[in-house]
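Only one structure is covered here, and it is reproduced in the block below.
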Amino acid sequence: MAEVRRKISAASARAHTRKSHQSSSFKLSPGFLKKILAVLFVGILAWIYQVIQPPPPKMCGSPNGPPVTAPRIRLKDGRHLAYKEHGVPRDVAKYKIIYVHGFRSGRHNVIVAATLSPEVIEELGVYIVSFDRPGYGESDPNPKQTVKSMAMDIEELADLLGLGSKFYVIGYSIGGQAVWSCLKYIPNRLATLLAPAVTYWWPNFPANVLNEAFNQKSRKDQWVIRVAHYAPWLVYWWNTQELFPASSVLANNSDVLSSQDKEITSRIYSRKDSVSQPVTEQGEFESLHRDLIVTQGAWEFDPLDLGNPFANNKGFVHLWHGDEDKIVPITMNRYIAEQLPWIWYHEVSGGGHFFPLADGMSNAIIKALLVGEK
């Protein structure tokens, strides 16, 4: 009987062990696993969304924003543009010019007015108004900004300041995109000059011309341009993170400066009277990054589509470019000049991106624009 009891006890023990093992094992159902993965995926997406979102702009005049110190006009959509006047008084001026500033600058950085001689200003009766482009300086951001909207802003500025039915526009560097826009949308208001600004996505340009210009950019700048065009929602993150190199211009990389540019910038920074305007106090996204998105985005037109807006010879379009410009490759503007013979093309030998600040250049540019001197 004892042996039987031992067998029964052993069998009972084995059965008890199997039950204990089965009851202690834990298995996740496929449905529960899917829910966990879904939650993790949503969490990661939410984190990525937060990382790539730019902070809201600090609007001028708002409780947490910079103060308003400049005269401003109010546009139809409620935005404000800050402006600054130069030269002779507006009401006695013979020539009235709207100046459109470049990248990382503002209404104080008027290249052509900075070195324009007082004699030329008085002799010709030159009035220049510069303004902070949307998001720069003390002008309100425009989240809906397009190439076309810049022309509309310029027209409103001219009308609110009473510049008359005709006025001149000078666009420098990336400000040149606004002049292309004016030539497209308000040509009847213009007698204008154009300075270089290009995008690498204009559809009517031959591939070899676009590729030659694009390949003159550094690899990191090529990626910045691609991101601005194909994934504009990544522009803020790309240019503020540390995993990949950001724009050379944003990083103040001197490698993009020509020898003339370096000499000019050294001279300017050494001057005691040079004006340093805070231009990104409202935030870099609605100023610097918005510039990249608009310029390298999908334009509503191509410059090669434009016809001569001054067939009656009552106005002229001038295009100036330094042949050693490393920031805006000269290749595309040379092609534009070849295809649009009504443009007066001026190629400055040895000139870099900042060539208008070289001695005598502002006088030459203004005289060519206003009185046709070559």
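Annotations
- Estimated distance in nm for a label pair at Gln222 and Val371, the labels positioned 7 Å out from Cα along Cα-to-Cβ: 4.8 nm
- Computed over every Cα-Cα pair of segment 183-314 and binned at 5 Å starting from 0, the pair-distance distribution P(r) comes out as 2, 8, 13, 16, 17, 16, 14, 9, 4, 1, 0 percent.
- Look at the dipole of the chain built from charges on Cβ: of Val42, Ala246, Tyr99, the Cα furthest out on the positive end belongs to Val42.
- Normalising the Debye intensity of segment 94-242 to I(0), with uniform scatterers on Cα atoms only, and taking log10 at q = 0.13 Å⁻¹ returns -0.69.
- When the alpha carbon gyration tensor of segment 283-374 is reduced to an equivalent ellipsoid, its three semi-axes come out at 24, 20, 14 angstrom, largest first.
- Approximating the spin labels as points 7 Å out from Cα along Cα→Cβ, the Lys144-to-Asp77 distance works out to 0.5 nm.
- Within the chain, percent of DSSP bridges classed antiparallel, to nearest 5: 30 percent
- Lys/Arg +1, Asp/Glu -1 at C-beta; the chain dipole; positive extreme among Ser62, Ala213, Ile111: Ser62
- Between Leu33 and Leu243, residue separation times 0.36 nm minus the direct Cα-Cα distance comes to 72.3 nm.
- Excluding ligands, DNA and RNA, the accessible surface per residue across the chain is 51 Å² with a 1.4 Å probe.
- The apolar share of the surface of segment 319-374, taken as the fraction of accessible area on carbon and sulfur atoms (1.4 Å probe, ligands and nucleic acids excluded), comes to 46 percent.
- Sulfur and carbon atoms: percent of accessible area, segment 28-77 [1.4 Å]: 70 percent
- Accessible area of segment 80-139 belonging to carbon and sulfur atoms, whole % at 1.4 Å probe: 49 percent
- For the chain, built as a Gaussian network whose Cα springs stay under 10 Å, the top-fluctuating residue of Ser266, Ser117, Ser173: Ser266
- Legend: translational diffusion of the chain by Stokes-Einstein, Rh = Kirkwood radius over C-alpha pairs, 4 °C, 1.567 mPa s; D = 55 µm²/s.
- Additional length obtainable on full extension of the chain from Val42 to Asp305, 0.36 nm per residue less Cα span: 90.1 nm
- On Cα atoms only, tilt of 30-52 relative to the major axis of the chain in degrees: 20 degrees
- Members of Lys148/Lys217; Lys144/Lys220; Lys148/Lys314; Lys58/Lys96; Lys262/Lys367; Lys84/Lys220 lying beyond 29 Å, as alpha-carbon distances in this model show: Lys58/Lys96; Lys84/Lys220
- Stretch gain in nm, segment Asn215-Lys166, where the contour uses 0.36 nm per residue and the Cα spacing is subtracted: 13.7 nm
The values are calculated or read from the model by the stated rules, or taken from the named source; none is laboratory data. Bear in mind that the values here come from a model prediction, so they are computed numbers and not experimental data. Here Cβ is always computed from backbone atoms with ideal geometry, including for glycine, and neighbour counts include all displayed protein chains. Heavy atoms of the whole protein, side chains included, go into the accessibility calculation; ligands, DNA and RNA do not. Shrake-Rupley method; radii C 1.70, N 1.55, O 1.52, S 1.80 Å.
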